[in-house]
Amino acid sequence: MTCPVYAPHMARIVSLISSATEIVYALGQLESLVGRSHECDHPPEVARLPICTRPTIPITGDSREIDRLVKDRIRDALSVYEVFPDVLEALQPTHIITQTQCEVCAVSLKDVEVALARGLSCAPQVVPLNPNSLADVWDDIRRVARSLGIADRGEALVEKLKARMCAISRRALSHPDRPRVACIEWIEPLMAAGNWVPELVEMAGGVNLFGEAGKHSPWMSFEQLSAADPEVIAIMPCGWNPPRTEPEMHWLTDRPEWPRLAAVQNGRVHLLDGNQYFNRPGPRLVESLEILAGILHPL
């Protein structure tokens, strides 16, 4: 097959992570998107695009079963995701956006390299993102913009998002109280939220108890959670929304210590949308901060 010739400004973007799709959209490049991952669902218009990936494990099990399946794949040096080289060939992308931050949470650079190794008639530019902190998210936005030849637009978007966050944070920090917060990224086994989430908690006027800014989310025990006795518990499982999370709450609520926790006694346990917001390192982290500020300092 002969590679089609496109005008220099005609990028053909395949985004293999949800956050990158939202970055492309925020940069005003939605019309250049020609393919997406199985998880990309915002804005709604992307639903019409061809899907280029799939998970290699069933994702309908409970949190313990999914954790076991993922760990089995990783132990056997197998990927959790598959990229479809035939779909990429048909789409003839000029850019493929992926990530190197976590091979469990989303399609990774390694998955893309496996697909490309099978040969494409065109050589797309692969843009790997690596968001470990808020600063990294801003850098990733700039990286995508530069790759598309719109660096100024990327810088303007970063400044706009940072300004919105600063305004939210100023209002939140005007409250004198600083509730102690535990953010939960997986329920069974228990995992605290790391990376950019601790930064969001501090900006929202809380004291983050678990997980470290800029570092991967750590495993933790229920005993640690109980000993810390957080005033607020924010449950935001990676890739799950509240209706998906609610049936999993028994892993926590069945423990005899659960009712004695301060957050439980004060009605401050919140099931948040980890899929749409907190675990997507893109423009909607602004809305994530707004949600956190709202539950830490309700009107």
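The values are calculated or read from the model by the stated rules, or taken from the named source; none is laboratory data. What you see is a predicted model, and the numbers here were worked out from it, not measured in a lab. Every residue, glycine as well, gets a Cβ built from its backbone with ideal geometry; the counts of neighbours run over all protein chains shown. We work out accessible area using only protein heavy atoms, side chains counted, and drop any ligands, DNA or RNA first. Shrake-Rupley method; radii C 1.70, N 1.55, O 1.52, S 1.80 Å.
In summary, Pro230 fulfils each of the numbered conditions (1) of a type outside the set (A, V, I, L, M); (2) within 21 Å of Ala293 (Cβ to Cβ); (3) surrounded by fewer than 20 Cβ atoms within 10 Å (Cβ to Cβ) with the single exception of condition (3).
Within the stretch 164-191, being in a loop (DSSP other than H, G, I, E, B) and within 21 Å of the chain's Cα centre (by Cα) holds for Ile187, Glu188, Pro189, Leu190.
Of the residues making up the stretch 189-222, just one is free of Cβ contacts under 8 Å to residues at least 24 places away in the same chain and either open to solvent by less than 30 Å² (accessible area, probe 1.4 Å) or closer than 13 Å to Cys238 by Cβ (or both), namely Pro198. Checking each residue of the stretch 95-118 against the condition of being in contact with a Gly (Cβ under 7 Å, 6 or more places away or on another chain), more than 19 Å from Val137 (Cα to Cα) and hydrophobic (A, V, I, L, M, F, W, C) gives no match. Selection of the stretch 158-177 for residues being touching a Gly at 6+ places or on another chain (Cβ under 6 Å) and open to solvent by 70 Å² or more (accessible area, probe 1.4 Å) yields only Leu173.
Taken together, Leu225, Leu285 contain a single residue that is of a type in the set (A, V, I, L, M), surrounded by 16 or more Cβ atoms within 10 Å (Cβ to Cβ) and over 20 Å from Ile168 (Cα atoms), which is Leu225. Candidates are the residues of the stretch 261-280 that are under 14 Å from Glu39 (Cα atoms) and in a loop (DSSP other than H, G, I, E, B); the one that is least open to solvent (accessible area, probe 1.4 Å) is Arg280.
Looking only at the stretch 223-259, residues that are more than 21 Å from the chain's Cα centre (by Cα), in contact (Cβ under 8 Å) with a residue 12 or more places away in the chain and in a helix (DSSP H, G or I) come to 7 in all.
Across the stretch 18-58, the number of residues qualifying as of a type in the set (A, V, I, L, M, F, W, C) and in contact with a Gly (Cβ under 8 Å, 6 or more places away or on another chain) comes to 7. Of all residues in the stretch 56-70, exactly one satisfies the criterion of being at pLDDT below 90 and touching a Phe, Trp or Tyr at 6+ places or on another chain (Cβ under 7 Å), namely Thr56.
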